[in-house]
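Working notes, beginning with the structure itself.
The values are calculated or read from the model by the stated rules, or taken from the named source; none is laboratory data. Just so it is clear, the model here is predicted, and its values are computed rather than measured. Cβ sites come from the backbone with ideal geometry, for glycine too, and all protein chains shown count toward neighbours. These accessible areas exclude ligands, DNA and RNA; they are computed on the full protein's heavy atoms, side chains included. Shrake-Rupley method; radii C 1.70, N 1.55, O 1.52, S 1.80 Å.
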Amino acid sequence: AQSVAQPEDQVNVAEGNPLTVKCTYSVSGNPYLFWYVQYPNRGLQFLLKYITGDNLVKGSYGFEAEFNKSQTSFHLKKPSALVSDSALYFCAVRGYGNNRLAFGKGNQVVVIP
Amino acid sequence: KAGVTQTPRYLIKTRGQQVTLSCSPISGHRSVSWYQQTPGQGLQFLFEYFSETQRNKGNFPGRFSGRQFSNSRSEMNVSTLELGDSALYLCASSPGEEVYEQYFGPGTRLTVT
């Protein structure tokens with residue numbers, strides 16, 4: 001079975017500081033990894049994905065994520081957080097040949113002005 | 001292109017009733033997935049359809065069912081509603097047979113009283 005753990009319920013960060021949202025995963029075989037963001041009363045928006053290749057993946061709105069196979073992690077990062085980054089962030093995983101995505105419980109990010 | 005649309009956006013039903021939710025994917029997208037989002041359980045996978053065939057099903061009781069039409073539009077049905085079915089139901093579409101990034105609709109907020 002595939003699963004995702006997002007260990008922190010909420011991440012508070014001051015505007016302009018680096019932002020990190022943690023994600024670890026469990027899946028059989030090579031993972032396909034994703035990050036999504038959800039703003040209040042909205043659906044999820046795709047941020048970035050790792051399928052294969054370079055371990056550092058760049059995505060939308062200045063976000064990036066680093067795939068670490070040995071630690072089974074896929075942490076989301078942004079060098080300088082904005083107040084508008086305050087939202088709910090979801091990490092998701094699926095295995096090769098399996099289109100069923102498993103999502104983490106989500107991390108609420110609060111960027112303090 | 002227009003995004004994923006879901007109707008209705010809000011719905012209030014009584015225990016024991018049934019409900020049908022509709023999802024129109026992005027034009028040209030052939031894969032549609034459904035998720036249930038609740039504060040306690042997070043995002044849980046319901047089903048995934050491709051070319052009118054259900055390819056994956058989550059761990060939900062048989063009261064939850066769905067289908068996909070030849071134009072890729074999808075519906076999900078919940079019969080004999082229970083209070084615990086109150087949730088945001090999200091639909092997501094993706095273009096090809098392999099699911100990479102998914103594009104989510106705004107969701108249908110179902111309240112069961």
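Go through region A:8-45 and give me each residue that's open to solvent by less than 10 Å² (accessible area, probe 1.4 Å) and among the aliphatic types (A, V, I, L, M).
Within region A:8-45, A:Leu19, A:Val21, A:Leu33, A:Val37, A:Leu44 qualify.
State yes or no: is B:Leu46 touching a helix residue (DSSP H, G or I) at 6+ places or on another chain (Cβ under 8 Å) and either outside any loop (DSSP other than H, G, I, E, B) or within 16 Å of A:Tyr36 (Cβ to Cβ) (or both)?
no
Taking B:Gly58 as the residue in question, decide whether it is within 22 Å of A:Tyr39 (Cα to Cα), small (Gly, Ala, Ser), within 11 Å of another protein chain (Cβ to nearest Cβ) and surrounded by 16 or more Cβ atoms within 10 Å (Cβ to Cβ).
no
Do you know which residues across region B:44-55 are open to solvent by less than 10 Å² (accessible area, probe 1.4 Å) and at the interface with chain A (Cβ under 8 Å from one of its Cβ atoms)?
B:Glu48 - this is the single residue of region B:44-55 that is open to solvent by less than 10 Å² (accessible area, probe 1.4 Å) and at the interface with chain A (Cβ under 8 Å from one of its Cβ atoms).
With the checklist (1) open to solvent by less than 20 Å² (accessible area, probe 1.4 Å); (2) free of Cβ contacts under 8 Å to residues at least 40 places away in the same chain in hand, flag the one item B:Cys23 doesn't pass.
(2)
Give all pairs with beta carbons closer than 8 Å in which a residue from region A:73-100 that is part of a helix (DSSP H, G or I) meets a residue that is hydrophobic (A, V, I, L, M, F, W, C) and crowded, with 17+ Cβ neighbours inside 10 Å; count only pairs at least 6 apart in sequence or on separate chains.
A:Val83/A:Val111; A:Ser84/A:Val111; A:Asp85/A:Leu19; A:Asp85/A:Val109; A:Asp85/A:Val111
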